[in-house]
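Take a look at the structure set out below.
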Amino acid sequence: MSVGILIAIVLGLAIAGFFLGRRRAIAKAGGDSRRLHSLPGYYGQSVALFASVPALILMAAWLFVQPILIDDKVAELIPDSAIADGGSRGLVLSDVRRIADGIDLLVVQDLLNEADLQNMRADFTNVRSRLGEVGVALGANVSPSVFEAAKAYRDAQRTGATLMSVFVLALAAAMFAFSLLRIKPDLRARNISESFVLSLLIGSSLVAILTTVGIVGSLVFETIHFFQMYPASEFFFSTTWNPQFRGGSELGILPLLWGTLYVSFVALVASVPIGLMIAIYLSEYASKTLRSLAKPAIEVLAGIPTIVYGLFALITVGPFIRDWIAEPTGLGSSSSSVLTAGLVMGIMLIPFVSSLSDDIINAVPQSMRDGAYGLGATRSETIRQVILPAALPGVVGAILLAASRAIGETMIVVLGAGAAARLGLNPFEAMTTVTVKIVSQLTGDTEFASPETLVAFALGLTLFVFTLGLNVLALYIVRKYREQYE
Amino acid sequence: MTDVSASQAPSAAGPRRRTSLLELDDRTRRRNAAEARFRLMGLLAVTFGVLAVIGLVASILLNGLSSFRQTYITVDVYLDPVRLDKAGTRDREAIAKVTTFGYAPLLEKALVDAMAANGIALEGLSAKQAAELISKEAPAQLRRYVMADVSRIGETVTFDVLAAGRIDGYYKGRVTMESAALDRNVSPEQLMLADQLKQAGLLGTKFNPSFFSAPDASDTRPEAAGLGVAILGSAYMMLVVLALALPLGVAASIYLEEFAPQNRFTDLIEVNISNLAAVPSIVFGILGLAVFINFAGLPQSAPIVGGLVLTLMTLPTIIIATRASLKSVPPSIRDAALGVGASKMQSVFHHVLPLAMPGILTGTIIGLAQALGETAPLLLIGMVAFVREYPSAPPEGFFEPAAALPVQVYNWTQRGDPAFVERASGAIIVLLVFLVIMNAIAIILRRRFERRW
């Protein structure tokens with residue numbers, strides 16, 4: 001039974017439960033709803049909730065756990081001899097999965113029936129060509145043990161699916177019957193269904209914690225895995241980044257970190273003065289009309305997806321810098337460069353810096369401005385000598401937030417900064433960043449057994465720690481500052 | 001002492017300087033100049049910001065608008081039964097055995113015939129070279145047309161076939177006679193032939209609807225590449241995000257805003273939400289790869305995985321917006337509900353939530369718009385794969401490979417043929433149009449329904 005049908009059945013049961021529960025409550029009260037503890041709808045609601053929610057949770061948990069258990073079981077069936085040189089159990093296991101899927105296709109298309117499948121043996125039949133008929137291409141011929149594992153895998157999956165249907169439906173029906181039969185006029189149905197809803201609300205807010213746990217857990221787990229294969233000291237202190245997919249790669253983070261910081265620095269140098277001046281001008285000088293036109297126009301920049309900036313860097317800014325600045329001065333010949341990525345990222349950060357600083361400047365009390373004007377200061381003197389120092393902690397916080405954005409930015413650097421890991425000072429040269437390398441190490445076919453893939457998790461953890469640290473620092477500074485005026 | 005020195009101050013300063021408020025002295029002039037400079041710098045910064053917006057949009061539009069138009073060649077194709085249906089039985093199975101290679105000669109013959117009818121000589125080109133003006137995708141197009149109704153075999157049909165990418169580029173200014181001379185894929189003679197065809201009215205540029213509906217095409221056929229699968233994939237992902245993020249986000253916000261006690265546990269949740277809002281999007285991609293694909297065994301490149309990852313990413317946005325909008329409902333509403341005997345839960349679900357709904361929807365749409373444009377996490381969960389098959393209808397379609405709009409843009413920028421840059425910009429325009437529509441809906445919702453208390 002497919003998951004969709006199962007969900008439909010459970011939901012149907014819930015809807016039926018609502019009406020039956022309601023009707024039963026009214027009937028028990030002899031048709032007089034005043035004799036009930038709660039409104040009749042609450043009796044229905046409690047039945048609906050009890051019938052559907054536990055069953056759906058069970059199904060979700062089952063779907064999550066089943067593949068893991070089956071993989072474990074099937075992995076035991078694969079003998080060490082079936083694992084090719086340089087391969088891993090995981091590779092064989094993914095072959096097993098594809099063969100099982102292929103068999104399913106064969107059965108669906110009536111090219112094979114179950115009885116034949118039981119008798120089919122890989123040493124007599126050419127499984128590879130049979131599977132090729134339904135479009136499942138295999139890299140090599142199938143060894144008997146792998147084929148048996150695939151059959152076992154398929155059987156286990158089908159048993160699992162059947163068991164799941166049975167258990168989920170049984171749970172739904174049992175809860176349905178239980179909550180329907182316990183209905184009587186003095187059942188506190190409203191309290192029951194309200195506390196049920198409250199627990200659902202609490203459960204939803206736990207998703208945030210689960211996500212963090214998932215992020216930290218997967219990053220840390222795979223990073224530990226990585227450091228078991230690759231020395232941590234090399235990773236943190238080596239100055240070469242040179243992944244080889246045959247092994248013997250050098251995976252030093254320093255060039256990537258340098259590229260990241262360099263690009264972010266250029267981006268901040270471009271965006272902070274401009275963003276700050278925009279905020280100052282719009283909040284202190286601009287007329288109402290100009291402000292109402294320019295502010296949303298600049299905030300449009302914040303709503304544009306980063307891939308658009310990436311394309312802008314790739315097709316407009318990059319060639320422009322190469323043809324008009326880098327090549328005439330002989331400083332570089334590549335259209336992707338630190339400067340390209342940095343400038344475009346700077347444009348992306350302008351609205352971020354300006355709207356944050358705008359809030360902060362507006363939070364400076366008017367009395368401080370009035371005091372400065374009263375002493376005869378000009379507007380710019382007031383801004384430079386009174387408002388900015390007062391807003392400084394907030395502005396620093398905003399800059400740190402912008403820096404954390406710049407460090408975590410991916411698409412602009414993927415398309416604008418290049419892929420060459422390099423420790424250099426020339427901004428017209430292509431360099432690469434942590435995020436670019438995460439993308440390039442994890443895109444395409446990934447096999448979670450080689451240090452070349454797992455290094456992406458170590459890079460991700462570094463990135464996560466960096467941005468989190470900057471954010472916490474920024475929030476700390478901003479919060480401390482706010483307390484001064486409120 | 002101080003009194004004495006203060007009274008002596010004027011004499012200590014020497015003779016009084018003659019100044020007038022009407023005449024500016026040097027220092028005032030300098031200060032005024034500094035003021036004007038500062039103001040100018042501010043104005044320049046604002047101008048730069050606005051110019052950046054205009055430049056960005058203009059560069060995309062200039063590069064991309066041409067992708068909505070495509071060069072077509074109009075030919076009368078005789079669907080020759082000798083080639084397509086040798087047995088003459090009109091049996092679908094037998095006709096299906098004829099591959100696209102069987103259709104290419106029909107097009108070649110049709111083009112040569114059309115040229116002869118219009119008095120255009122081949123001039124040093126073989127018929128095969130002339131046929132290279134027609135896209136390699138055209139035989140497949142023709143085959144699909146025949147397979148849709150096999151009784152058409154034997155008829156002569158007028159067909160608008162795609163011109164090859166280089167020919168299309170010639171009319172869009174990407175390919176010139178000089179560049180064609182150096183190009184292996186096209187020769188100046190072929191371009192001249194194209195010009196003659198254009199004069200004869202056989203070749204023309206017109207609106208290209210298949211850009212929005214066709215699937216992606218291979219490296220050598222930029223003219224046939226379209227956004228169909230990507231738009232469908234993005235739509236599926238948005239459905240998943242909407243179905244998961246809206247209820248989860250609203251439920252979490254209601255709990256945190258209305259029910260949560262002030263304690264460590266609540267603080268922990270709040271800190272988590274604000275931190276998640278600042279985690280780089282690519283980290284969510286790593287999470288998706290490690291947990292959903294590797295651990296839970298969901299298929300790669302499937303909209304369900306993309307949707308789940310984007311849900312986790314947009315959840316903080318939706319929670320923050322929902323909480324703000326719940327907070328803006330005045331406490332008097334809650335008090336009034338409680339006063340007439342509603343339970344806490346009833347006051348929230350019957351009174352506060354409906355009043356906060358416009359704000360929640362606005363926040364949700366903005367969160368969705370953010371999710372629609374997000375690229376980096378999708379790269380990691382395999383959405384970069386080359387997908388030509390449309391995913392089937394939900395719910396099965398959620399688990400089948402699909403592309404996504406922003407990832408399609410990235411994909412096209414990685415290809416060699418410059419024609420794909422045009423396609424990528426065109427795809428960006430489509431993406432931006434969707435975003436503008438979503439944001440406009442959000443603004444309209446806010447303007448129409450938002451209440452000021």
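When segment B:178-192 is filtered for residues that are among the acidic types (Asp, Glu) and either open to solvent by less than 30 Å² (accessible area, probe 1.4 Å) or in a helix (DSSP H, G or I) (or both), the ones remaining, listed by number, are B:Glu178, B:Glu189. Can you pull out the residues in segment A:64-86 that are modelled with pLDDT under 80 and polar (S, T, N, Q)? A:Ser81, the sole residue that qualifies. Within segment A:281-298, can one find any residue that is among the basic types (Lys, Arg), at pLDDT 90 or above and surrounded by fewer than 24 Cβ atoms within 10 Å (Cβ to Cβ)? Checked against the condition, which is being among the basic types (Lys, Arg), at pLDDT 90 or above and surrounded by fewer than 24 Cβ atoms within 10 Å (Cβ to Cβ), segment A:281-298 yields at least one hit.
Taking residues in segment A:293-309 that are of a type in the set (S, T, N, Q), and partners anywhere that are assigned to a helix (DSSP H, G or I) and buried (at least 17 other Cβ atoms within 10 Å of the Cβ), the pairs with Cβ atoms closer than 7 Å and at least 6 places apart or on different chains are A:Thr306/A:Met348; A:Thr306/A:Met411; A:Thr306/A:Ile412. Of note, A:Ile183 satisfies the criterion of being outside any helix (DSSP H, G or I), crowded, with 16+ Cβ neighbours inside 10 Å, out of contact with any Pro (no Cβ under 6 Å at 6 or more places or on another chain) and not assigned by TED's automatic domain parsing to the domain that holds A:Val465.
The set of residues in segment B:385-408 that are modelled with pLDDT of 85 or more, within 12 Å of chain A (Cβ to nearest Cβ) and touching a Ser or Thr at 6+ places or on another chain (Cβ under 8 Å) comprises B:Ala404, B:Leu405, B:Pro406, B:Val407. The sole residue among A:Thr260, A:Thr316 that is under 19 Å from A:Leu349 (Cβ atoms), without any contact (Cβ under 8 Å) to a residue 12 or more places away in the chain and of a type outside the set (A, V, I, L, M) is A:Thr316. Picking from residues in segment A:28-45 that are modelled with pLDDT of 90 or more and more than 13 Å from every other protein chain (Cβ to nearest Cβ), the one that is nearest to the chain's Cα centre (by Cα) is A:Gly44. Residue count for segment B:262-292 satisfying the condition of being more than 8 Å from every other protein chain (Cβ to nearest Cβ), open to solvent by 10 Å² or more (accessible area, probe 1.4 Å) and closer than 18 Å to B:Val241 by Cβ: 2. Beta carbons closer than 6 Å, at least 6 apart along the sequence or on distinct chains, pair a first residue in segment B:256-269 that is touching a residue at least 40 places away in the same chain (Cβ under 8 Å) with a second that is surrounded by 11 or more Cβ atoms within 10 Å (Cβ to Cβ) for B:Leu256/A:Ser205; B:Glu257/B:Arg323; B:Glu257/B:Leu326; B:Glu258/B:Val348.
Across segment B:324-349, the number of residues qualifying as more than 17 Å from B:Arg451 (Cβ to Cβ) and either of a type in the set (Phe, Trp, Tyr) or open to solvent by 40 Å² or more (accessible area, probe 1.4 Å) (or both) comes to 7. Does A:Val308 satisfy being in contact with a helix residue (DSSP H, G or I) (Cβ under 6 Å, 6 or more places away or on another chain), at pLDDT 90 or above, hydrophobic (A, V, I, L, M, F, W, C) and assigned to a helix (DSSP H, G or I)? When the stated conditions are applied, A:Val308 passes them. Summed over segment B:293-303, the residues that are open to solvent by 30 Å² or more (accessible area, probe 1.4 Å) and either assigned to a loop (DSSP other than H, G, I, E, B) or more than 9 Å from chain A (Cβ to nearest Cβ) (or both) give a count of 4. For segment B:60-81, indicate whether the set of residues that are within 13 Å of chain A (Cβ to nearest Cβ), among the β-branched types (Val, Ile, Thr) and assigned to a helix (DSSP H, G or I) is non-empty. Yes, because at least one residue in segment B:60-81 is within 13 Å of chain A (Cβ to nearest Cβ), among the β-branched types (Val, Ile, Thr) and assigned to a helix (DSSP H, G or I). Among the residues making up segment B:144-186, those that are more than 31 Å from the chain's Cα centre (by Cα) and basic (Lys, Arg) are B:Arg152, B:Arg184.
Residues are listed down the side, and each one gets a yes or a no for (1) open to solvent by 60 Å² or more (accessible area, probe 1.4 Å); (2) within 18 Å of A:Asn191 (Cβ to Cβ):
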position	(1), (2)
A:Phe19	yes, no
A:Arg22	yes, yes
A:Ala27	yes, no
A:His37	yes, yes
A:Gly44	no, yes
A:Phe50	no, yes
A:Pro54	no, no
A:Ile57	yes, no
A:Val65	yes, no
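Total residues in segment B:214-261 satisfying the condition of being open to solvent by less than 60 Å² (accessible area, probe 1.4 Å), small (Gly, Ala, Ser) and assigned to a helix (DSSP H, G or I): the figure is 11. Within 30 Å of B:Ser67 (Cβ to Cβ) and among the small types (Gly, Ala, Ser): is that true of B:Ala302 in this structure? Against the criterion (within 30 Å of B:Ser67 (Cβ to Cβ) and among the small types (Gly, Ala, Ser)), B:Ala302 qualifies. Among the residues of segment A:334-343, those that are open to solvent by less than 10 Å² (accessible area, probe 1.4 Å) and either assigned to a loop (DSSP other than H, G, I, E, B) or closer than 23 Å to A:Ala474 by Cβ (or both) comprise A:Ser337, A:Ala341, A:Gly342. Does A:Ser205 satisfy the condition of being surrounded by 14 or more Cβ atoms within 10 Å (Cβ to Cβ), within 14 Å of chain B (Cβ to nearest Cβ) and polar (S, T, N, Q)? Judged against the criteria, A:Ser205 is a match.
Residues checked against (1) within 29 Å of the chain's Cα centre (by Cα); (2) among the hydroxyl-bearing types (Ser, Thr, Tyr); (3) not assigned by TED's automatic domain parsing to the domain that holds A:Gly416:
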{"site": "A:Ile274", "(1), (2), (3)": "no, no, no"}
{"site": "A:Leu293", "(1), (2), (3)": "no, no, no"}
{"site": "A:Val308", "(1), (2), (3)": "yes, no, no"}
{"site": "A:Thr316", "(1), (2), (3)": "no, yes, no"}
{"site": "A:Ser334", "(1), (2), (3)": "no, yes, no"}
{"site": "A:Thr340", "(1), (2), (3)": "yes, yes, no"}
{"site": "A:Ile350", "(1), (2), (3)": "yes, no, no"}
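Checked against the criterion of being touching a Gly at 6+ places or on another chain (Cβ under 7 Å) and open to solvent by less than 40 Å² (accessible area, probe 1.4 Å), the candidates A:Phe176, A:Phe196, A:Phe226 yield just one match: A:Phe176.
I need a count of the residues in segment B:409-436 that are facing chain A (nearest Cβ under 10 Å), assigned to a helix (DSSP H, G or I), of a type in the set (S, T, N, Q) and open to solvent by 10 Å² or more (accessible area, probe 1.4 Å). Looking only at that region, the number is 1. Within the span defined as segment B:309-317, every residue fails to be out of contact with any strand residue (DSSP E or B) (no Cβ under 7 Å at 6 or more places or on another chain), over 20 Å from B:Ala369 (Cα atoms) and facing chain A (nearest Cβ under 10 Å). Tallying residues that are free of Cβ contacts under 8 Å to residues at least 24 places away in the same chain and under 23 Å from A:Ala341 (Cβ atoms) within segment A:278-292 yields 0. A single member of B:Leu84, B:Leu65, B:Leu106 is modelled with pLDDT of 85 or more and not basic (Lys, Arg), and it is B:Leu65.
The values are calculated or read from the model by the stated rules, or taken from the named source; none is laboratory data. The structure displayed is predicted, hence computed values, not measured ones. Backbone-built Cβ (ideal geometry, glycine too); neighbour counts: all protein chains shown. Each accessible area value is taken on the protein alone, full model and side chains, heavy atoms only, with ligands, DNA and RNA left out. Shrake-Rupley method; radii C 1.70, N 1.55, O 1.52, S 1.80 Å.
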